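For reference, the structure is listed below as structure tokens.
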Amino acid sequence: MPRNYFAIDGGSGAHVLAALSDRHPYARQVASPRHADLLLVIEPISQKLSAAVVELAKALPRPARALIVGEHVAGPGNVPESERVHLEVLLPGARRITPTSVESVLEAIFHPEQSAELANIDQPGIDETTIQLPQKQEQEMATELAVLSLGPVQPFTAGPLRLLLICDGEQVLSAQVEAGYASRGIAQAMTRVDWPQALHLARRLDPLAPIASQLAYARAVEQLQRWQPVSQVAKLREATAAIERAQNALWWLVRFARILADAALTSRAYQLGSRLAGDSTQSWRQTPFNWVLPQQQVPFSAVAGSSEVAVRLQKIATEVEALRRDIERNRLFALRTRGIGVLATERLKEAGASGPNLQGSEEGAGDVQSRVLARLDAATLDLRQASETLMAGESAPTHAASWDVPPGEAHVTVRGPRGDIGLHLVSEGEEQPAHVEWQGPSTALLSMLAEIVAGQKLTDAEIIIASLDLAMAEADG
């Protein structure tokens with residue numbers, strides 16, 4: 001039977017939802033819970049987002065069912081319990097699964113009868129928001145100002161964000177941005193656990209780029225230890241981050257193409273993203289989470305996959321490059337993306353922006369099309385560099401991980417999928433960090449979002465927001 005599901009992403013599910021989007025013709029994500037057979041909730045869900053979850057669950061046609069995707073675990077190294085929501089209490093009758101693969105989630109979607117029907121939900125939903133409308137100038141053709149509320153569950157960002165757009169007809173006059181729906185208190189929680197446990201929390205800063213966050217933490221600890229990895233180890237670490245960046249770019253393109261309603265582009269991006277997802281898991285004999293550790297060095301043969309994987313990565317890079325050329329020549333794509341959402345290089349640098357958004361302004365016109373092309377250029381380069389590292393087969397002497405951290409202060413920057421991830425780490429020689437401060441690329445862009453969409457047409461504003469690739473888990477921290 002065909003299954004329609006409505007998805008709620010707490011901040012870590014954008015890749016899962018992109019991978020599900022075209023996996024089976026009879027499983028379809030719908031835009032409204034009123035048209036859904038199933039509510040799909042991807043943890044973690046913050047306290048602030050819980051009201052929206054309740055409101056959406058109430059809108060499901062009865063009998064209603066819900067599927068929770070995630071592991072509800074507590075203890076050191078995980079999101080603090082005070083920041084989490086027990087969804088079984090919020091949604092009585094919901095079924096929980098641990099996602100071993102996309103196929104396991106798909107199997108659960110096709111068998112909703114294995115879970116009980118949702119009980120009546122009597123928790124309060126979203127409170128109404130009152131905003132002050134600006135003064136409207138008299139015009140020959142009078143129109144009423146309208147407020148359009150987007151979110152907090154909406155498709156334009158990876159994770160929850162609420163946007164209140166004040167519109168005069170089709171023109172956006174101003175915007176009010178409300179974030180914090182994916183807040184988990186990662187930095188504060190890291191100071192309450194020991195150094196190895198804080199590593200698990202560092203991975204959760206941006207669940208869509210856990211290796212980049214883990215690498216930043218490992219390099220900060222090594223800086224405090226005054227230890228420098230050999231070049232072979234540095235290259236191997238960078239290869240893991242490069243594959244992760246390319247994977248993020250392709251899954252983002254799947255989501256972006258769906259917003260444009262471009263079926264051909266969605267299909268091509270999905271095929272490339274699925275292939276890279278399969279190849280990336282075969283790139284390593286051991287998961288990078290186990291060997292991207294402070295001072296950890298392992299033989300290349302113990303962690304790297306076969307040369308055949310490197311060849312497949314090169315082929316994907318070639319196809320991404322071809323896709324980039326086709327997009328640049330696509331007239332319909334240009335009509336939707338060229339000349340809108342232009343961001344000045346100086347303003348981006350002033351806000352601390354980095355990554356493909358800045359590259360699109362430095363090397364292109366700074367519009368939506370330039371940002372799309374910049375992401376594909378970066379993905380192609382990342383895949384080629386990762387392939388070359390895997391083909392080289394360099395090795396280094398083994399060295400065990402060390403968690404003996406002396407007093408000091410470290411500042412590191414790691415290139416993530418959306419830009420530079422900065423970490424300021426302070427140690428007082430104790431068993432846990434004394435101070436942790438993260439700087440994420442999405443945070444810098446979030447502060448500019450209101451001015452970016454002001455003055456745009458409503459249909460363009462949605463595409464502009466999607467083109468920024470905001471990851472709300474990373475922005476909210």
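A454 fulfils the conditions (1) farther than 30 Å from A198 by Cβ; (2) under 17 Å from the mean Cα position of the chain (by Cα) except for a single criterion, (2). Please go through the range 1-32 and pick out each residue that is assigned to a helix (DSSP H, G or I) and open to solvent by 10 Å² or more (accessible area, probe 1.4 Å). Within the range 1-32, H15, V16, L17, S21 qualify. The residue that is farthest from the chain's Cα centre (by Cα), among those in the range 374-417 that are of a type in the set (D, E) and assigned to a helix (DSSP H, G or I), is E388.
Taken across the range 366-380, residues that are in contact (Cβ under 8 Å) with a residue 24 or more places away in the chain and surrounded by fewer than 17 Cβ atoms within 10 Å (Cβ to Cβ) do not occur at all. For the range 286-322, residues that are assigned to a helix (DSSP H, G or I), open to solvent by less than 60 Å² (accessible area, probe 1.4 Å) and closer than 30 Å to H200 by Cα total 8. So which residues in the range 33-51 are assigned to a helix (DSSP H, G or I) and within 15 Å of V89 (Cα to Cα)? Answer for the range 33-51, where residues must be assigned to a helix (DSSP H, G or I) and within 15 Å of V89 (Cα to Cα): Q47, L49, S50, A51.
Within the range 147-162, the set of residues being modelled with pLDDT of 90 or more and either of a type in the set (D, E, K, R) or over 17 Å from E55 (Cβ atoms) (or both) comprises P155, F156, T157, A158, G159, R162. Only helices (runs of 4 or more DSSP H) whose full extent lies in the range 183-274 are considered here, and the ones with at least 2 residues that are open to solvent by 10 Å² or more (accessible area, probe 1.4 Å), in contact (Cβ under 8 Å) with a residue 12 or more places away in the chain and polar (S, T, N, Q) are 231-259.
The values are calculated or read from the model by the stated rules, or taken from the named source; none is laboratory data. What you see is a predicted model; the values in this text were computed from it and never measured. Ideal geometry is used to build each Cβ from the backbone, glycine not excepted, and the neighbour counts take in all protein chains shown. The area values use the complete protein model at the heavy-atom level, side chains included, leaving out ligands, DNA and RNA. Shrake-Rupley method; radii C 1.70, N 1.55, O 1.52, S 1.80 Å.
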